[in-house]
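Below is one structure; the comments refer to it alone.
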């Protein structure tokens, strides 16, 4: 039996449409599954990326301790009455530490107490080998001992410290012996000094308490006391050149009643400062070791101010807060 060509064409068209419909129907669930898979992946991603809980910030350290004592992060501190020697506050005051250039206060005390400060001192070649801070005096030049002493306390040049030590004792070892004797006489029994400038040496150490005792002895010396209070000085070289030396103690310009004393710094020691202040009826000394700049200037000024105007009735409170 033969069908007309037009009927065959219609049957082929219907079969083609039926196939397309079936293909679409079968593909639809697969498409839904893929979408479902993407949704699950997104949920997992959201779970992984969930923000961590924020930790609460630590409360800031108090600015003052009980008794109104200034708080500080310095490694060691002591505050004393320069007249009586009474300890007003201390923190790690007996911990051995590198003293850096605060040693030069002891060097100056040894030289000043011998006297003859108007005598001339000749620079030797060995005096000039002292880094890093130098006055750059030259071998063969001559200077008054008092001018060298003032330059040492104001600007802290290492070559001048070496020169004064050699002039005093002949050798660094002999001068170190004189330094240790004078330190013990001042009551500093937990220190050992091996050079006059404070350059790093594992055998050289001191404590905040010992340095306070040395500072108190230096504070009683009129020559040293007047020199450490100088904001600047003019040094005249043999060839006529002049150099203005600015005091390394920045508290002198920040605090009207500050009147000395000596700075120090090495990588090992950190920033160190012995400072003093006075007002009618009261003199105080603060020693700060192992600190940072510029905080050491601020903390030193704060301790001096507290010590000068503290209420003696609160002394027991501040003493109980000492470490």
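Where a number appears in this text, it was derived from the coordinates with a stated rule and is not lab data. Values in this document were obtained by computation on a predicted structure and should not be read as measured data. Every residue, glycine among them, receives a Cβ derived from its backbone with ideal geometry; neighbour counts consider all protein chains shown.
Max-minus-min Cα coordinates of segment 173-228 on each principal axis give 32, 19, 18 Å, with the largest extent listed first.
Could you give log10 I(q)/I(0) at q = 0.13 Å⁻¹ for segment 123-260, computed by the Debye formula over C-alpha point scatterers of equal weight, without solvent? Computed log10 I(q)/I(0) values: -0.61. Taking label points 7 Å from Cα along the Cα-to-Cβ direction, residue 295 and residue 257 give a separation of 2.6 nm. Each label was represented as a point 7 Å from its Cα along the Cα-to-Cβ direction; for residue 116 and residue 174 these points are 1.2 nm apart. Computed from label points 7 Å out along Cα-Cβ, the spacing between residue 94 and residue 63 is 3.4 nm. Segment residue 181..residue 124, full-extension length gain: 17.9 nm, with 0.36 nm per residue of separation and the alpha-carbon distance subtracted. So how much slack lies between residue 236 and residue 201, counting 0.36 nm per residue of separation and subtracting their Cα-Cα distance, in nm? Between residue 236 and residue 201, full extension yields an extra 9.4 nm. Overall, the anisotropy analysis places segment 66-320 in the prolate class: the square-rooted eigenvalues a ≥ b ≥ c of its C-alpha gyration tensor yield a/c not less than 1.5, with a/b exceeding b/c. Can you list the residues of segment 285-309 with backbone N under 20 Å from a point 7 Å past the Cα of residue 71, pointing along Cα to Cβ? Zone members listed by number: 288-307.
Taking square-rooted eigenvalues a ≥ b ≥ c of the alpha carbon gyration tensor, is segment 220-316 rounded, prolate or oblate, where a/c under 1.5 means rounded and, failing that, a/b exceeding b/c means prolate? Judged from the Cα gyration tensor, segment 220-316 comes out oblate (a/c at least 1.5, b/c at or above a/b). Note on 271, 191: ascending count of other Cβ atoms within 10 Å places them as 271, 191, the fewest first. Panel order for 134, 236, by other beta carbons found within 10 Å of each beta carbon, from fewest to most: 236, 134.
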